[in-house]
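Colleague: Provided herewith is a single structure, encoded as C-alpha cells, for subsequent inquiry.
The values are calculated or read from the model by the stated rules, or taken from the named source; none is laboratory data. These numbers come from a predicted model, not from an experiment. With ideal geometry, Cβ positions are generated from the backbone for all residues, glycine too; neighbour counts draw on all protein chains shown.
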Amino acid sequence: MLIHEMTMTEFAEKRVTVSTGILPLGSLEEHGPHLPLGLDAMHAYALAQATALVHPCLVAPPLFYGLCRSSAQHAGTVGISGDSLRAVVYDIGLGLWRQGIHCLCLLTGHAGGTHQSSLVEAGERLLETTGLEVAVVCVLDLLDDARQLIECKGDSHAGEVETSLALHLWPELVKGGAPRAFPTFPRFRLVRDKLSHWPSGVWGDPGPASAEKGRKILEIEVKALVAVLAGLEEQARAGATPGPSV
Ligand SMILES: [Zn+2]
C-alpha cells in the first residue's frame with residue numbers, strides 16, 4: 001500500500017487496521033560508473049513495496065537525499081547535512097504518527113555511518129516525543145542469511161549486492177560493469193581529497209553479480225524486514241501505545 005497513491009478516504013479506512021509504516025530512505029550518490037545515482041532510495045523503496053505484499057504496512061514516498069561523506073566529491077552526488085536529515089525524518093515521523101501510524105521503520109538503502117547515525121538520532125527523538133515504536137534498518141543489515149550467496153567479503157557499495165539487485169529490478173539502468181575496488185581511506189584521519197582515496201566509487205566487486213542473485217537477495221531482505229516489523233508490532237501491543245500525544 002503506497003501512501004501517495006491512496007485517497008483520503010482509502011487512507012482513513014486503511015489506518016483503522018494497519019498502523020505500521022515504512023519510510024524508505026536513500027541518497028543521490030555515485031554508484032560507480034555502471035549504476036544509477038538514485039539506487040539506494042530505489043532499493044529501499046522496492047524492498048518496502050515487496051514487503052508490503054506479504055505483511056500489511058503503509059509505504060511512505062521515499063526520500064532520495066541523504067548524508068554522503070565518502071562520495072561527496074564524485075560526479076552526481078548531492079547530499080544533505082545531518083541537521084537537515086534529522087529534521088526532515090523527524091518531521092515525517094511526527095506526521096505519520098499524527099496520521100495513525102504506531103510502528104515506523106526507517107529503512108535506508110544508503111549505508112553511510114554518519115547518515116545512519118542521523119537516522120538513529122531522529123528515531124530517538126521520535127521515541128521521546130511520540131508513542132511511536134521505531135526501527136532504524138540499513139538494507140545491508142538484512143543480509144545475514146545471504147552470506148553463502150555473496151562471494152565478495154566487505155562488499156557494500158556498487159558491488160556484488162547492489163549490482164545484482166539492479167540487474168534484477170532495473171536491468172535497463174545497468175551500464176556495463178566495473179572492476180573490483182576498495183577505498184584506501186586512513187583509519188582515523190579525515191581527508192579533504194576524498195576522490196584520491198576512492199577514485200572508482202566502487203566498494204566491493206560487481207564481477208560476481210547476477211540478476212538471479214539479486215532476486216534471491218531481495219527475497220532474503222523481505223523475510224528479514226518482515227521479522228523487524230513483527231517485532232515492532234509486538235512491542236507496540238505490549239506497550240499499548242496510546243494515540244497521538246503531541
Ligand atoms: Zn548504495
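Colleague: Residues to consider are GLY95, GLY176; find the one that is in contact (Cβ under 8 Å) with a residue 40 or more places away in the chain and either in contact with an Asp or Glu (Cβ under 7 Å, 6 or more places away or on another chain) or not polar (S, T, N, Q) (or both).
Modeller: GLY176
Colleague: Hey, another quick one. With region 130-246 as the region, which helices (runs of 4 or more DSSP H) entirely inside it contain at least 1 residues that are closer than 20 Å to VAL54 by Cα? Please lay out each step first, then the result.
Modeller: Numbers: elements: 160-169, 194-197, 211-239.
Answer list for region 130-246: 160-169, 211-239.
Colleague: Anything in region 105-129 that is more than 13 Å from the ligand (Cβ to nearest atom), of a type outside the set (S, T, N, Q) and part of a helix (DSSP H, G or I)? List them, or say none.
Modeller: Correct list: GLY113, LEU119, VAL120, GLU121, ALA122, GLY123, GLU124, ARG125, LEU126, LEU127, GLU128.
Colleague: Being modelled with pLDDT of 95 or more and out of contact with any Phe, Trp or Tyr (no Cβ under 6 Å at 6 or more places or on another chain) is the requirement here; does ARG125 meet it? Steps first, please.
Modeller: Numbers: modelled with pLDDT of 95 or more: yes; out of contact with any Phe, Trp or Tyr (no Cβ under 6 Å at 6 or more places or on another chain): no.
No.
Colleague: Given the condition in contact with a Lys or Arg (Cβ under 7 Å, 6 or more places away or on another chain) and at pLDDT 95 or above, answer yes or no: does some residue in region 207-228 qualify?
Modeller: The answer is yes, given that some residue of region 207-228 is in contact with a Lys or Arg (Cβ under 7 Å, 6 or more places away or on another chain) and at pLDDT 95 or above.
Colleague: Please work out if GLN99 is more than 14 Å from the ligand (Cβ to nearest atom), touching a helix residue (DSSP H, G or I) at 6+ places or on another chain (Cβ under 8 Å) and not β-branched (Val, Ile, Thr). Show your work before the answer.
Modeller: Numbers: more than 14 Å from the ligand (Cβ to nearest atom): yes; touching a helix residue (DSSP H, G or I) at 6+ places or on another chain (Cβ under 8 Å): yes; not β-branched (Val, Ile, Thr): yes.
When the stated conditions are applied, GLN99 passes them.
Colleague: So which residues in region 193-233 are free of Cβ contacts under 8 Å to residues at least 12 places away in the same chain and either surrounded by 22 or more Cβ atoms within 10 Å (Cβ to Cβ) or of a type in the set (S, T, N, Q) (or both)?
Modeller: The one that is free of Cβ contacts under 8 Å to residues at least 12 places away in the same chain and either surrounded by 22 or more Cβ atoms within 10 Å (Cβ to Cβ) or of a type in the set (S, T, N, Q) (or both): SER196.
Colleague: If you go through region 49-70 one residue at a time, do you hit one that is touching a Ser or Thr at 6+ places or on another chain (Cβ under 7 Å), β-branched (Val, Ile, Thr) and either at pLDDT 95 or above or more than 12 Å from the ligand (Cβ to nearest atom) (or both)?
Modeller: no
Colleague: Let me ask you something else. Quick test for you: out of GLU162, GLU151, pick the one residue that is in contact (Cβ under 8 Å) with a residue 24 or more places away in the chain and over 19 Å from GLY112 (Cβ atoms). Working first, answer last.
Modeller: Details: GLU162 fails: over 19 Å from GLY112 (Cβ atoms).
Only one candidate qualifies: GLU151.
Colleague: Report whether or not GLY176 is surrounded by fewer than 21 Cβ atoms within 10 Å (Cβ to Cβ) and not charged (D, E, K, R).
Modeller: Numbers: surrounded by fewer than 21 Cβ atoms within 10 Å (Cβ to Cβ): yes; not charged (D, E, K, R): yes.
Considered against the rule, which asks whether it is surrounded by fewer than 21 Cβ atoms within 10 Å (Cβ to Cβ) and not charged (D, E, K, R), GLY176 comes out as yes.
Colleague: Ok, one more. Which condition from (1) of a type outside the set (Val, Ile, Thr); (2) part of a helix (DSSP H, G or I); (3) closer than 23 Å to PRO206 by Cβ is the one that PHE11 breaks?
Modeller: The one condition PHE11 does not meet is (3).
Colleague: For the structure I just gave you, tell me whether GLY76 is more than 16 Å from the ligand (Cβ to nearest atom) and either touching a residue at least 12 places away in the same chain (Cβ under 8 Å) or in a loop (DSSP other than H, G, I, E, B) (or both). Before the answer, list the steps.
Modeller: Working: more than 16 Å from the ligand (Cβ to nearest atom): no; either touching a residue at least 12 places away in the same chain (Cβ under 8 Å) or in a loop (DSSP other than H, G, I, E, B) (or both): yes.
So GLY76 fails the test.
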